[in-house]
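Q: Below is the structure I would like to discuss, written out as structure tokens.
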Amino acid sequence: MTAPFLAAARGETPSHTPVWIMRQAGRYLPEYRETRASAGGFQEMTRTPELAAEVTLQPIRRFGMDAAILFSDIMTPLEGMGIDLRFDPGPVIDNPIRSADDVKRLRALDPDEGVPFVLETCRILARELPENVPLIGFAGAPFTLLCYLIEGHGTKSFVQARAFLRSELDAARELLDRLAHGMALYLEAQARAGARALMIFDSWVGLLDAPTFRALERPAIERILTHLRPLGVPLLYFPNQGAHLHHEVVGLHADVIGVDWRTPLEAADEALGGQFVLQGNLDPSILFAPPESLLVAADSVLDAGRSLRRGHIFNLGHGIDKRTDPDQVARLVERVHAAPVRATG
Ligand code: 1CP
């Protein structure tokens with residue numbers, strides 16, 4: 001029987017609605033905090049395949065999610081392109097890209113040379129994960145990576161990054177192009193090392209207006225998807241806070257579109273022309289509600305999921321907060337697994 005996550009991602013009817021949670025490996029889990037303390041830090045964990053594989057497996061063991069996500073960061077492969085990176089706790093680049101000359105500093109990525117530890121982590125996980133729990137490989141989308149590369153760290157509105165698109169248009173295009181090329185090779189390498197689905201995180205794309213998305217980011221995303229299509233693994237794209245871009249997402253060669261919690265799944269399905277399986281979109285803050293309210297909210301997302309034209313993969317509408325009670329996650333996963341796949345009445 002096909003793994004429920006893969007069946008749903010391909011638009012087939014799964015045996016139950018698959019569920020996984022963005023940032024499911026992380027600081028809300030005591031066993032993660034323990035591994036992290038013994039490893040010395042986040043970056044050390046990502047660079048040590050046995051530890052990265054261990055924390056990837058932790059939420060699967062505890063909760064029985066239907067997919068595992070590689071433990072790494074969207075910024076990790078940029079080290080293989082010549083960028084010096086540290087984490088505090090988010091990514092920090094002390095020497096950010098600020099000019100057309102800086103863009104030329106970015107080397108092409110050779111995944112075997114630049115990030116061998118990520119590929120080794122995928123190989124370990126391909127061996128250790130149960131057959132019905134596929135590994136999701138991932139990369140950051142070109143615009144989201146550009147945001148951190150230009151700004152040097154996370155901000156709320158990435159003003160310098162957006163200004164770069166306006167003041168240095170040719171250099172910005174060149175940067176997006178180099179990133180698209182690197183991430184296409186990076187994702188392909190993860191699939192060859194055992195990832196059975198590939199996801200592109202576009203966390204900051206919501207900062208773009210539709211014409212800028214259409215002109216700059218959409219072609220970069222499509223370039224990555226077109227490169228990956230022949231591999232035959234499901235492709236997921238998450239345009240966070242991107243409801244205003246949905247009409248531009250139509251036609252992309254992805255199988256699954258992630259939807260943040262601000263947009264009802266039915267509205268996203270409508271705007272996306274029913275072309276994609278949708279993934280999402282419970283508000284992560286609902287995990288702080290009393291258990292009964294959590295279950296009501298989960299049921300409402302499940303109901304919306306049953307109305308979608310191509311299908312549904314249950315997830316949160318963005319990453320889980322580190323203060324979340326793990327018992328609430330257990331309740332949520334159990335509820336999704338017990339729910340009927342199609343409405344019976
Ligand atoms: O201190 C710690 O333990 C590190 C915290 C942490 C973790 C657990 C960071 C720093 N990254 C990660 C892992 C991670 N990051 C994963 C794999 C684990 C999983 O999902 O279970 C993934 C898929 C990511 C992706 C990621 N990193 C995104 C895209 C998804 C999203 O949340 O929008 C982004 C934007 C980042 C940047 C980043 N890395 C870390 C932090 C704290 C941040 C956000 C920084 C900011 O903008 O302020």
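The values are calculated or read from the model by the stated rules, or taken from the named source; none is laboratory data. Since we're looking at a predicted model, the values are computed, not measured. We place every Cβ from the backbone using ideal geometry, glycine too, and count neighbours over all the protein chains shown.
Q: Only residues that are surrounded by fewer than 20 Cβ atoms within 10 Å (Cβ to Cβ) and on the phi < 0 side of the Ramachandran plot: list them for the stretch 20-38, please.
A: Once the filter is applied, which keeps residues that are surrounded by fewer than 20 Cβ atoms within 10 Å (Cβ to Cβ) and on the phi < 0 side of the Ramachandran plot, the stretch 20-38 yields Arg27, Pro30, Glu31, Arg33, Glu34, Thr35, Arg36, Ala37, Ser38.
Q: From the set of residues in the stretch 238-288 that are of a type in the set (Gly, Ala, Ser) and over 16 Å from the mean Cα position of the chain (by Cα), which is surrounded by the most Cβ atoms within 10 Å (Cβ to Cβ)?
A: Ala268
Q: So which of Tyr237, Tyr186 is farther than 22 Å from His318 by Cβ and touching a strand residue (DSSP E or B) at 6+ places or on another chain (Cβ under 6 Å)?
A: One residue alone meets the criteria, Tyr186.
For (1) in contact with a strand residue (DSSP E or B) (Cβ under 6 Å, 6 or more places away or on another chain); (2) farther than 17 Å from Ala25 by Cβ; (3) polar (S, T, N, Q); (4) free of Cβ contacts under 8 Å to residues at least 40 places away in the same chain, each residue gets a yes or a no:
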| residue | (1), (2), (3), (4) |
| --- | --- |
| Ala304 | no, yes, no, no |
| Ser307 | no, yes, yes, no |
| Arg310 | yes, yes, no, no |
| Leu316 | yes, no, no, no |
| Gly319 | no, no, no, no |
| Asp327 | no, yes, no, yes |
| Ala330 | no, no, no, no |
| Glu334 | no, yes, no, yes |
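Q: I would also like to ask the following. If we scan the stretch 228-239, do we find a residue that is of a type in the set (Phe, Trp, Tyr), within 16 Å of the ligand (Cβ to nearest atom) and touching a residue at least 24 places away in the same chain (Cβ under 8 Å)?
A: So far as the stretch 228-239 goes, yes, one or more of its residues are of a type in the set (Phe, Trp, Tyr), within 16 Å of the ligand (Cβ to nearest atom) and touching a residue at least 24 places away in the same chain (Cβ under 8 Å).
Q: Residue under question is Gly41, and the condition is that it be of a type outside the set (Val, Ile, Thr), surrounded by fewer than 20 Cβ atoms within 10 Å (Cβ to Cβ) and at pLDDT below 95; does it hold?
A: Yes: the conditions hold for Gly41.
Q: Sticking with this structure for a sec: Kindly provide the set of residues from the stretch 121-170 that are hydrophobic (A, V, I, L, M, F, W, C), under 25 Å from Asp94 (Cβ atoms), part of a helix (DSSP H, G or I) and within 16 Å of the ligand (Cβ to nearest atom), ordered by number.
A: Matches in the stretch 121-170: Phe143, Leu145, Leu146, Cys147, Leu149, Ile150, Val159, Ala161.
Okay, residues lined up against (1) closer than 29 Å to Tyr32 by Cα; (2) part of a helix (DSSP H, G or I):
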| position | (1), (2) |
| --- | --- |
| Phe238 | yes, no |
| Leu252 | no, no |
| Asp260 | yes, no |
| Glu266 | no, yes |
| Leu308 | no, no |
| Ile313 | yes, no |
| Val336 | yes, yes |
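Q: Under 6 Å between Cβ atoms, at least 6 apart or on separate chains: pull out the pairs that start in the stretch 1-28 with a residue that is in contact (Cβ under 8 Å) with a residue 12 or more places away in the chain and end on any residue that is of a type in the set (Phe, Trp, Tyr).
A: Correct list of pairs: Thr17/Phe314; Pro18/Phe5; Val19/Phe314; Ala25/Phe71; Gly26/Tyr32.
Q: Would you point out the residue of the stretch 289-323, among those that are β-branched (Val, Ile, Thr) and crowded, with 21+ Cβ neighbours inside 10 Å, that is farthest from the ligand (Cβ to nearest atom)?
A: Val301
Residues are listed down the side, and each one gets a yes or a no for (1) of a type in the set (Asp, Glu); (2) within 14 Å of the ligand (Cβ to nearest atom):
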| position | (1), (2) |
| --- | --- |
| Tyr32 | no, yes |
| Ile69 | no, yes |
| Glu79 | yes, yes |
| Arg98 | no, no |
| Arg105 | no, no |
| Glu113 | yes, no |
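Q: Right, something else. Look through Gly154, Gly140, Gly90 and report the one residue that is surrounded by 22 or more Cβ atoms within 10 Å (Cβ to Cβ), of a type outside the set (Asp, Glu) and out of contact with any Lys or Arg (no Cβ under 9 Å at 6 or more places or on another chain).
A: From the options Gly154, Gly140, Gly90, the qualifying one is Gly140.
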